[in-house]
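Since the structure comes first, as structure tokens, the remarks are kept for the end.
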Amino acid sequence: MKARIVVGAHYGLRDWLAQRVTAVVMLVYTLVIMAAIMGGAVSSHAAWRGFMAHGLIRILTFLFILSLSYHAWIGIRDIWMDYIKPTGIRITMHVLTLLALIGCAGWAIQIIWRL
Amino acid sequence: MPELTKPRPKFLALHEIRLPLPGFVSILHRVSGAGLFLMIPLLIWVLELSLGTDPGSTANFKALTGNPLVKLILFGLCWAYLHHFCAGVRFLLLDLHIGIDKQPSRTSATAVLVVSLGLTGLTALKFMGVF
């Protein structure tokens, strides 16, 4: 048997798996939020604040924000990799995407933690 | 080299190629994901205003979500989220080798389109206070 020469950046499987794990985290969070909305969590401003300030929900929201950031990073990076051929522009878009996602994650976490 | 029994097409006749339904769901998954990414700042802003306690944020929340254009964008994002969600569940099942044959995968692609549009309608009705 001929030895296979493995090439590439070696992050493919990790990102493939991360995309799916973060998706499942967000799936669970979405079902929790949908159930809460049906259960009256948005019936009043006080109810909504109380719900989002609850310790467990706060942690779940934190996990959701981190999952979303990682998930979006992989997805958007793949879009740049598929359609932008000039390396300089592509790398610039990668960096801007990362900065935007990290900035938004910080903003969102700060909103939740201020409650 | 053996003769080809059928001449191969030299060019892709793009106007004659129709994307099959699963392909349509797939590209919408990408489009909805990109749209959601671009609108993350708007969504965080709405979240921030919805949780604010000062009268300014309450007034801003009402003004922002009451704007017909913003409302349209939010319902559009609602569809994007639900489509991305349903198509994502379908992809996870395909990863587990569930429904990978031609007919089941077509049926599930149709289901993704129908269910995500239906849930968008229900969410819109909920937030307009119908139930």
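Could you give the longest part of chain B that holds none of the trypsin sites (Lys or Arg not before Pro) found in DSSP loops with at most 12 neighbouring Cβ atoms within 10 Å? The partial results should precede the final answer.
Working: sites that count: B:Lys10, B:Arg18.
In chain B, the maximal stretch lacking such sites is B:19-131.
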Where the only charges are on Cβ atoms (+1 Lys, Arg; -1 Asp, Glu), what is the dipole of region A:34-114 about its Cα centre, to the nearest 20 debye? 160
At most 14 other Cβ atoms within 10 Å and a DSSP loop assignment: could you name the chymotrypsin sites (Phe, Trp or Tyr not before Pro) in region B:1-84 that fit? B:Phe11
Within region B:1-58, which GluC sites (Glu not before Pro) sit in a loop by DSSP and count at most 13 neighbouring Cβ atoms inside 10 Å? B:Glu3
Round to the nearest 10 and give me the degree value, 0 to 90, for the angle of helix B:21-38's Cα axis relative to the longest principal axis of chain B. 30
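What do you get for Rg/Rh of region A:12-114 when both radii come from the Cα atoms and Rh is the Kirkwood radius?
Values: Rg = 16.6 Å, Rh = 15.4 Å.
Taking Rg over the Kirkwood Rh, I get 1.08.
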How big is the dipole moment of the protein assembly as shown about its Cα centre under a simple scheme where the beta carbon of each Lys and Arg is +1, that of each Asp and Glu is -1, and everything else is neutral? Debye, nearest 20, please. 480
Can you tell me the Rg and Dmax of the protein assembly as shown, counting just the alpha carbons, in angstroms? 21.6, 80
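Wrap a convex hull around the Cα atoms of region B:50-118, take a quarter of its surface area, and give that in square nanometres.
Details: hull surface 24.4 nm².
If I average the Cα hull's projected area over directions, I get 6.1 nm².
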Taking only Cα atoms of chain B, radius of gyration then Dmax in Å: 21.1, 80
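Evaluate the relative contact order of region A:12-114 (contact order divided by residue number), counting alpha-carbon pairs under 8 angstrom at least 6 apart; express in whole percent. Kindly include the intermediate steps, with their values, before the conclusion.
On the way: 54 pairs, mean separation 34.2, N = 103.
The value is 33 percent.
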Taking trypsin sites (Lys or Arg not before Pro) that fall in a DSSP loop and have at most 15 other Cβ atoms within 10 Å as cut points, what is the longest piece of chain A between them? A:5-115
I'd like the orientation of helix B:68-95 relative to chain B: the angle between its Cα long axis and the longest Cα principal axis, in ° from 0 to 90, rounded to 10. 40
Please report the relative contact order for region B:28-102, taking Cα pairs under 8 Å with a sequence separation of at least 6, and give it as a percent rounded to a whole number. 43
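Every number here is computed from the coordinates shown, using simple stated rules; none is lab data. It should be emphasised that the depicted structure is a prediction, and the values quoted were computed from it without experimental measurement. Virtual Cβ from ideal backbone geometry, glycine too; neighbours counted across all protein chains shown.
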